Amino acid sequence: MKDPRYTQLARQIVSYSVSVQPGEHVNLRMADIPDAMVVELIRAVREAGGIPHVDITHATVNKELQMGATEEQYELDGRYRLQRAEDMQVHIAFYADTNTFESADVPAERMKIVSKHYKAASDVTCNKRKWTVLAWPTPSMAQAAGMSTEDFEDFYFRCCLADYAKLKVAMEKLKAMMEATDQVRIVGPGTDLTFSIKGIKAIPCAGDCNVPDGEVYTAPVRDSINGVLSYNAPTIYHGIPFDGVKFRFENGKIVEAHCNGKDEALNKILDTDEGARYIGEFAIGVNPFILHPMRDILFDEKIGGSFHFTPGQCYDEAPNGNDSAIHWDLVCIQRADYGGGEMYFDGKLIRKDGVFLDPELADLNPVM
């Protein structure tokens, strides 16, 4: 029997998130996604008058290709990806992590080749086209979340089918506050960080580019960052798990980086290129229903009461001039159950222990 939530999700993605218009070509990039969900997406695109195209991938196949990555191979593949990115007006990507650490044994120098040659297509998709990305619920994700598979699926669809239009009202208020701010200070366990966001746009994300959604992002002035930052959400990058990442900044640059015995692996990523040691995004997580990390960034960066501070590429919508082949969303949760913390805008306390003090932002506070 078909799960009716597949149809609901497909229609919400196509009609609300990317707002497919008649005649638009829509790229459906599906990584290990059930055929039934792909079919519903195709039907939803057609209902909206769009033209569906499907690109099927598999994590184990990609991993095998990455293991032997060469410049010649990925230069050509990157050109094909770029052409497809340019030919489509809309990109919808679903991925299913059956094993979060599938790429853990791919050598760093091979992943560097892949990232370098895929960057141009990614830039077009993210900055010049309508797009959205979703993770698909799997038993491994349920395990990471500490939930049964059935309970996790219910949680997934609750988050994905949330009333994002309602959340957007409060996000617009936060956006206005951020765009009126010069100096930000963030304080918490192992963290005392200052930087400027003056003159850089703030972008509310309410169910469009990512689902589940719930963040307002901007970028720091590139050379304005000073202090120390300790992230407390576990993360994964290029298939490698990292817990307890700590940075020290001087005039915007990460000059020290540590991570519980994985300093070498961490610094290899930060040495990908010059921009990898600078921050391309500062975002505040505001999804009230996502509370705990599960090593899936599409969920973790939206955690209510969190923020992420991202080494690497900035977004064109909120540019600070930083350019890099990486974009690594690292998350710090400031709720009391994760050690607490404070966020100040121009010296005024706006959030304490993950809770906004302004009543107009109450819809963005975590539902505990």
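Highest mean first, the peptides 96-105, 23-32, 324-333 sorted by other C-beta atoms within 10 Å per residue fall in the order 324-333, 23-32, 96-105.
A simple charge model with +1 on the Cβ of Lys and Arg, -1 on the Cβ of Asp and Glu and nothing else charged puts the dipole of the stretch 1-128 at about 380 debye relative to its Cα centre.
DSSP beta bridges fully contained in the chain are about 70 percent antiparallel. Per residue, the Cα convex hull of the stretch 111-180 amounts to 177 Å³. Per-residue accessible area (protein heavy atoms, 1.4 Å probe) orders V184, V221 as V221, V184, starting from the largest. Heavy-atom accessible area for R43, with the other protein chains in place and a 1.4 Å probe, reaches approximately 120 Å². Close amide H partners of G312, meaning residues 5 or more places away or on another chain with modelled amide H under 5 Å apart, are Y278, I279, G280. Largest accessible area first, the residues Y217, Y315 order themselves as Y315, Y217 under a 1.4 Å probe with ligands, DNA and RNA left out.
One equal scatterer on each Cα of the stretch 210-368, no solvent, Debye formula: the resulting log10 I(q)/I(0) at q = 0.10, 0.13, 0.21 Å⁻¹ is -0.34, -0.58, -1.50. Working from Cα pairs under 8 Å separated by at least six residues, relative contact order for the chain is 14 percent. Computed from the alpha carbon atoms alone, the convex hull of the chain holds 126 Å³ per residue. Stretching D163 away from E264 to a fully extended chain increases their span by 32.1 nm, per 0.36 nm per residue minus the current alpha-carbon distance. Remark: the chain carries a charge dipole of roughly 540 debye about the Cα centre, counting +1 on each Lys and Arg Cβ and -1 on each Asp and Glu Cβ.
Among Y237, Y95, Y16, the order of accessible area from largest down is Y16, Y95, Y237, computed with a 1.4 Å probe on protein heavy atoms.
Among residues other than V331 with Cβ under 9 Å from its Cβ, the summed charge is -3 (Lys and Arg +1, Asp and Glu -1). Using θ = phi - 60° in the Karplus curve 6.51 cos²θ - 1.76 cosθ + 1.60, the 3J(HN,Hα) couplings for the stretch 317-327 round to 5, 9, x, 10, x, 8, 10, 7, 7, 10, 8 Hz; x is entered for Gly and Pro. The solvent-accessible area of I113, taken with every protein chain present and a 1.4 Å probe, is close to 20 Å². In the stretch 1-101, a dipole from Cβ-located charges (positive for Lys and Arg, negative for Asp and Glu) runs towards its positive end, and of Y80, P22, P34 it is P22 whose Cα lies farthest in that direction. Charging the Cβ of each Asp and Glu at -1 and of each Lys and Arg at +1, and nothing else, the dipole of the stretch 138-243 about its Cα centre rounds to 500 debye. Heavy-atom accessible surface of R81, to the nearest 10 Å², is about 70 Å², with a 1.4 Å probe and all protein chains retained. Distance between the pseudo-spin-label points of T70 and Q8 (7 Å out from Cα toward the beta carbon): 5.0 nm. The stretch 12-70 and the stretch 73-107 have Cα centres lying 12 Å from one another.
For the stretch 281-325 versus the stretch 157-171, the spacing of their alpha-carbon centroids is 17 Å. Here the stretch 103-146 is scanned for amide nitrogen atoms under 20 Å from the site 7 Å beyond the Cα of S19 along Cα-to-Cβ, giving 125-134. On the chain, 52 percent of the accessible area sits on carbon and sulfur atoms, based on a 1.4 Å probe.
Look at the dipole of the chain built from charges on Cβ: of G252, G214, P204, the Cα furthest out on the positive end belongs to P204. Out of every Cα-Cα pair that the stretch 151-260 contains, those further apart than 15 angstrom amount to 73 percent.
The values are calculated or read from the model by the stated rules, or taken from the named source; none is laboratory data. The structure presented is a predicted model; accordingly, all values stated were derived computationally and were not measured. With ideal geometry, Cβ positions are generated from the backbone for all residues, glycine too; neighbour counts draw on all protein chains shown. Note: accessible area is taken over every heavy atom of the protein model, side chains too, but ligands, DNA and RNA are not part of it. Shrake-Rupley method; radii C 1.70, N 1.55, O 1.52, S 1.80 Å.
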